[in-house]
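Visitor: Have a look at this one before I ask anything.
The values are calculated or read from the model by the stated rules, or taken from the named source; none is laboratory data. All figures in this text were calculated on a predicted structure; none of them were measured in a lab. Using ideal geometry, Cβ is built from the backbone for each residue, glycine included, and neighbour counts are taken over all protein chains shown. Areas reflect the complete protein model, heavy atoms only, side chains present, ligands, DNA and RNA absent. Shrake-Rupley method; radii C 1.70, N 1.55, O 1.52, S 1.80 Å.
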Amino acid sequence: MAVVRMDGVEQTVSNIFCIGRNYAAHVAELGNQLEEEPLVFLKPTSALSLNGQDIALPTYSNDVHHECELVLLIGKGGHDIPVADALSHIAGVGIGLDLTARDVQSEAKKGGKPWTKAKGFRHAASVSDFVAVSHVDVSRPFSFSLQVNGETRQQGDTSLMLYPLATIISYLSQTYGLTAGDLIYTGTPQGVAALQAGDVLHLQLDGVVSADWTVAA
Ligand code: MG
């Protein structure tokens, strides 16, 4: 059973939804087009890696990129959630990595194949502890960052999202339904790049929570 921690208590994870291409500068850096509706993919819960664990990169890729993202933990599930009510379905917020085998993803894109091997390997869904909404106002914008070996690689600001948090929640609830314990990776800002064995990663969400991983040698 896959779990995350929120305020020191384990929470069972249901589904892991991820939003792609949600920041214009990142869409541009990979040469992709803007989407007319949120671009959604899934990761298996076996891809989770919690704060403090080592990240093992898959041996079948030579180009695993970090994608630093705000992550939501859903508290109350539902279908057809109105945008106006959407934020009330969030239980907590965290910060995580949507690790992506870019070489494998590029081949999948060319062949029209699914992204699962590029996005769903063990440790591909690294995530911090979550902080409950009773301690943090989720209606405000969040800034977040990733440092690799002490150097800032990615800096994000949720006010720059193409599809804001409430829109994402409402959209997922209409199309798939949301369940208590679902995680939502909300998209990465620009600055994605390859990880190397031994890299030390520090993620920080606006003074709310931070997380650290080391890439296994
Ligand atoms: Mg991503």
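Visitor: What is the log10 of I(q)/I(0) for the range 47-103, computed with the Debye formula using one identical point scatterer on each Cα and no solvent, at q = 0.14, 0.26 Å⁻¹?
Guide: Taken in order of the listed q values, log10 I(q)/I(0) reads -0.57, -1.07.
Visitor: Another question, then. Name the residue, out of GLY187, GLY94, GLY112, whose mean-square fluctuation peaks in a Gaussian network model built on the chain with Cα pairs under 10 Å.
Guide: Fluctuation is largest for GLY112.
Visitor: Rounded if a/c is under 1.5, else prolate if a/b beats b/c, else oblate: with a ≥ b ≥ c from the C-alpha gyration tensor eigenvalues square-rooted, which is the range 158-197?
Guide: Working: a/c = 3.47, a/b = 1.69, b/c = 2.06.
The shape class here is oblate.
Visitor: Can you work out the accessible area per residue across the chain, with the rest of the protein chains kept in place, probe 1.4 Å, in square angstrom?
Guide: Working: 9290 Å² over 217 residues.
Here the residues of the chain average 43 Å² of exposed surface.
Visitor: Now for a different question. Give the ranking of SER134, SER49 by solvent-accessible surface, highest area first, calculated with a 1.4 Å probe.
Guide: On the way: SER134 95, SER49 0 Å².
So the residues, ranked largest to smallest area, are SER134, SER49.
Visitor: Follow-up. What list of ³J(HN,Hα) values in whole Hz, one per residue of the range 163-168 in order, does the Karplus curve 6.51 cos²θ - 1.76 cosθ + 1.60 (θ = phi - 60°) give from phi, with Gly and Pro shown as x?
Guide: Working through the residues one at a time gives 10, x, 3, 5, 5, 4 Hz.
Visitor: So which lysines pass the test for LYS109, namely a Cα distance under 20 Å, with those fewer than 8 places away in the same chain ruled out?
Guide: LYS43, LYS117, LYS119
Visitor: Per-residue ellipticity at 222 nm for the chain, helices alone: DSSP H runs ≥ 4 residues times -39500 (n - 2.57), over residue total, nearest 500 deg cm²/dmol? Please list the in-between numbers first.
Guide: On the way: 5 runs with 35 residues, N = 217.
My calculation for the chain gives -4000 deg cm²/dmol from helical runs alone.
Visitor: With a cut-off of at most 14 other beta carbons within 10 Å, and DSSP calling the residue loop, which GluC sites (Glu not before Pro) in the range 1-84 qualify? Please list them. Before the final figure, lay out the partial values.
Guide: Values: sites: GLU10, GLU29, GLU35, GLU36, GLU67, GLU69; in loops: GLU35, GLU36, GLU67.
Passing sites in the range 1-84 are GLU36.
Visitor: To check my understanding: the extent here is largest minus smallest coordinate of the Cα atoms along each principal axis. What are those three numbers for the range 108-182, in Å, largest first?
Guide: Rounded to whole Å, the extents work out to 43, 40, 24 Å.
Visitor: Which listed residue (VAL4, ALA86, GLN204) has the Cα farthest towards the positive end of the charge dipole for the chain, taking +1 on Lys and Arg C-beta and -1 on Asp and Glu C-beta about the Cα centre?
Guide: VAL4
Visitor: Ignoring ligands, DNA and RNA, please state the percent of accessible area on the range 3-214 from carbon and sulfur, probe 1.4 Å.
Guide: Of all accessible area on the range 3-214, carbon and sulfur atoms account for 49 percent.
Visitor: With unit charges on the beta carbons (Lys and Arg positive, Asp and Glu negative) and the dipole taken about the Cα centre of the chain, which residue among TYR163, THR152, VAL27 sits farthest to the positive side?
Guide: VAL27
Visitor: Given the Cα atoms of the range 23-75, and with Rh set as the inverse mean 1/r over their pairs in the Kirkwood sense, what is Rg to Rh to two decimals?
Guide: Working: Rg = 14.3 Å, Rh = 14.5 Å.
Result for the range 23-75 is an Rg/Rh of 0.99.
Visitor: I need the chymotrypsin sites (Phe, Trp or Tyr not before Pro) found in the range 1-105, filtered to DSSP loop residues with at most 13 other beta carbons within 10 Å of theirs.
Guide: Details: sites: PHE17, TYR23, PHE41, TYR60; in loops: TYR60.
For chymotrypsin sites (Phe, Trp or Tyr not before Pro) across the range 1-105 that sit outside H, G, I, E and B with at most 13 neighbouring Cβ atoms in 10 Å, the list reads TYR60.
Visitor: For the range 45-118, which trypsin sites (Lys or Arg not before Pro) are both in a DSSP coil and crowded by at most 16 other Cβ atoms within 10 Å? List each step's numbers first, then the result.
Guide: Details: sites: LYS76, ARG102, LYS109, LYS110, LYS117; in loops: LYS76.
Of the trypsin sites (Lys or Arg not before Pro), the ones in loops of the range 45-118 whose Cβ has at most 16 other Cβ atoms within 10 Å are LYS76.
Visitor: Right, here's the next one. Apply the Karplus parameterisation 6.51 cos²θ - 1.76 cosθ + 1.60, with θ equal to phi minus 60°, to every residue of the range 37-42 and state each ³J(HN,Hα) to the nearest whole Hz, in sequence, with x for glycine and proline.
Guide: For the range 37-42, the Karplus-derived couplings read 8, x, 8, 10, 9, 10 Hz, x marking Gly and Pro.
Visitor: Still on this structure: Charges at C-beta only: +1 for Lys and Arg, -1 for Asp and Glu. How large is the resulting dipole of the chain about its Cα centre, in Debye rounded to 20? Display every interim value, and only then the final one.
Guide: Working: 13 positive and 23 negative charges, 103 e Å.
In total the dipole reaches around 500 debye.
Visitor: Can you give the convex hull volume per residue for the Cα atoms of the range 3-214, as a whole number of Å³? Working shown, then result.
Guide: On the way: hull volume 23.1 nm³, N = 212.
In the range 3-214, the Cα convex hull volume per residue is 109 Å³.
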